[in-house]
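Structure first, then comments.
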Amino acid sequence: MKLLLVGTKKKTSLTVLSVIGLCLWQGIKAQTGLPKPDIFAEPSSVVAPGTNVTLRCSALQSTSQELLFTLSKAGSPGYPHPEKTGSEARFSLPSVKVRDAGSYSCFYSERRHAKGKSETSETLDLVVTGSLPRPSLQALPSAKVSLNGRVTLRCVRPVKPSLGSVMFMWLKAGTPEPLGRALQQSQRWANFTLPSVTVQDAGSFRCVYYEKTVQPRASEPSEPLYVCVTGEKGTRLQTPS
C-alpha cells in the first residue's frame, strides 16, 4: 500500500526518517544498556542493633570488565565502592544502629566503556528493630492447623504511638528474609495467610512493623508463635530434617 501526502512530501520524508532514526537509536540503547543489579542483605534485611550487616550489589551477568558499584540510601549521598570489582561488590555496615535503617539501592558502571551507568536496582529496606513497642501475633482460627488447611497470622501493633504509614512483616525462624509484607495507612493490624499448609510451614513465627519514612523506626519483634501442622487424625507432623 502506498501512502501519498499531497504538498508535504519533503517534510514527511524528514519526519519518517526522524522516527526511524529514533527507533533505531532506542533499539541500540536497549541492546547496549547495562541491566539493573540485584541487592541483598546478609545475614538479613531485618536485624537487631549491633548486628554486622553486609549489603551485596550483584550484576546479573558475569563480565570480564572492571565494574564500579555505588550504593545509595534514600536521603543520603551515594557511597561508591572504593575498589574496582568483578560482578559483585560488598558494602559493610558494622554494628548497625537505628540511623543505618532505610531504603537502599545500587547501580554500577563499566570502567573502560562509555556505556553510562546501569539501571538502579530494586529498593531494599534495611530494618533495625527495637525503637517501637512490640506487636502481638495471633493465628486465626488456630495455631494448630490440619495438613492442607488454611491459617491467617494477624499482626497487631499497639494503639500508641500514633503513626502514619506502617509496613508489617512476618518472620519465620530459620528463614533469613521476611515471608511477607503489608502496608497499612491507618489500620493497626495486617494479615498474612498460608492458604494450603504443608509440613514445611510448621515452625516459630514473629512479626515486626516499621514506619515508611526516610529514617524509619521499627518495633521489637513480637513474641514467637508456634504453628503446628497435624495429620488426618490430629497427630502432629514433624518437619523433615
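For the reader, a short list of remarks on this structure follows.
- Residue ID - surrounded by the fewest Cβ atoms within 10 Å (Cβ to Cβ), chosen from residues in segment 44-73 that are in a loop (DSSP other than H, G, I, E, B) and within 14 Å of the chain's Cα centre (by Cα): Ser44
- Condition met for Leu140 (over 25 Å from the mean Cα position of the chain (by Cα) and at pLDDT 95 or above): yes
Table: residues versus (1) basic (Lys, Arg); (2) touching a Phe, Trp or Tyr at 6+ places or on another chain (Cβ under 6 Å); (3) free of Cβ contacts under 8 Å to residues at least 40 places away in the same chain; (4) more than 22 Å from Pro216 (Cα to Cα).
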| residue | (1), (2), (3), (4) |
| --- | --- |
| Arg90 | yes, no, yes, yes |
| Val96 | no, no, no, no |
| Gly102 | no, no, no, no |
| Phe107 | no, no, no, yes |
| Ser121 | no, no, no, no |
| Asp125 | no, no, no, no |
| Ser136 | no, no, no, no |
| Gly174 | no, no, yes, yes |
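- Identity of the residue in segment 73-126, within 26 Å of Met167 (Cα to Cα) and of a type in the set (S, T, N, Q), that ends up modelled with the lowest pLDDT: Ser76
- If the condition is being part of a loop (DSSP other than H, G, I, E, B), of a type in the set (D, E, K, R) and over 29 Å from Tyr210 (Cβ atoms), then segment 77-125 contributes Glu83, Lys84, Arg111, Arg112, Lys115.
The values are calculated or read from the model by the stated rules, or taken from the named source; none is laboratory data. Treat the numbers as computed from the prediction; the structure is a model and nothing was measured. Heads up, the Cβs are rebuilt from the backbone with ideal geometry, glycines too, and the neighbour counts pull from every protein chain shown.
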